[in-house]
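Everything below concerns the one structure shown next.
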Amino acid sequence: MTTGTEEERDRNEVGRAQNQRPRDRYGRPMPHGSQGEVERVPDDAEFTVEEGLSEAQRLLDQGYAFTAHEVLEAVWKSSPEQERELWRGLAQTAVGVTHAQRGNRVGAARLLRRGADRVEEFGPDAPHGVDVAGIAAFARDLAEDLDTGRATSGDDIDPSGMRLRSA
């Protein structure tokens, strides 16, 4: 049995639910017909490692952690098995920042710590020059700031401090 809500959901060509509504800068869906604040990353987007790191950093620098998460997730989906947990951790830290921007402090702190643990496992020899120690420190510091109330939400959360590569 389907409800009217399910029948009205956006679906892709194979019938899978797929939200096509425009999004605000924090990745929240806006009403159909609205002018979105960010460009969507298609579900089938593919990025090389170099493209993904560069684009995700550009987006983080501009405050668009949700869209950076989508880019990192696209790289994760196509990365070799031995690197998947690295990309998964990077995507988790970016979506953790997104939750912080949206005001979900508890969920954000959990995701930030989970992502930090995941990337940190790759140690100083992480592939592609990814600064896992710096990312883990950023994520844990933000999680602590959220836990203590030093960080709140929205524009107070600055994702530009998350540097994906060592300088």
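Solvent-accessible area of segment 26-150 (1.4 angstrom probe, protein heavy atoms only): carbon and sulfur portion equals 47 percent. What is the Cα centroid distance between segment 73-88 and segment 19-39, reported in whole angstrom? Cα centroid to Cα centroid, the span is 26 Å.
Taking packing as the residue-averaged number of other Cβ atoms within 10 angstrom, the listed peptides 151-162, 84-95, 131-142 run from highest to lowest as 84-95, 131-142, 151-162. Each of the peptides 48-57, 29-38 was scored by the mean count of other Cβ atoms within 10 Å over its residues; in descending order, highest first, they stand as 48-57, 29-38. Using a cutoff of 8 angstrom between alpha carbon atoms and counting only pairs six or more residues apart, the relative contact order for segment 92-145 works out to 35 percent.
Take segment 11-138 with all the other protein chains still there, run a 1.4 Å probe, and you get 51 Å² of accessible area per residue. Label positions at ARG163 and SER34, each projected 7 Å from the Cα along the C-beta direction, are separated by 3.5 nm. Measuring r between the beta carbons of ARG58 and GLU81 and using R0 = 22 Å, the FRET efficiency lands at 0.20. Annotation: HIS128 carries an accessible surface of approximately 80 Å², with a 1.4 Å probe and no ligand, DNA or RNA atoms counted. Taking label points 7 Å from Cα along the Cα-to-Cβ direction, ASN104 and ASP24 give a separation of 1.4 nm.
Once you have the Kirkwood Rh of the chain from its Cα pairs, apply Stokes-Einstein at 37 °C and 0.692 mPa s and quote D in µm²/s.
Numbers: Rh = 16.5 Å.
The Stokes-Einstein estimate is 199 µm²/s.
The values are calculated or read from the model by the stated rules, or taken from the named source; none is laboratory data. Not measured: the values here are computed from a predicted model. Here Cβ is always computed from backbone atoms with ideal geometry, including for glycine, and neighbour counts include all displayed protein chains. What goes into the accessible areas is simple: the full protein's heavy atoms, side chains included, and nothing from ligands, DNA or RNA. Shrake-Rupley method; radii C 1.70, N 1.55, O 1.52, S 1.80 Å.
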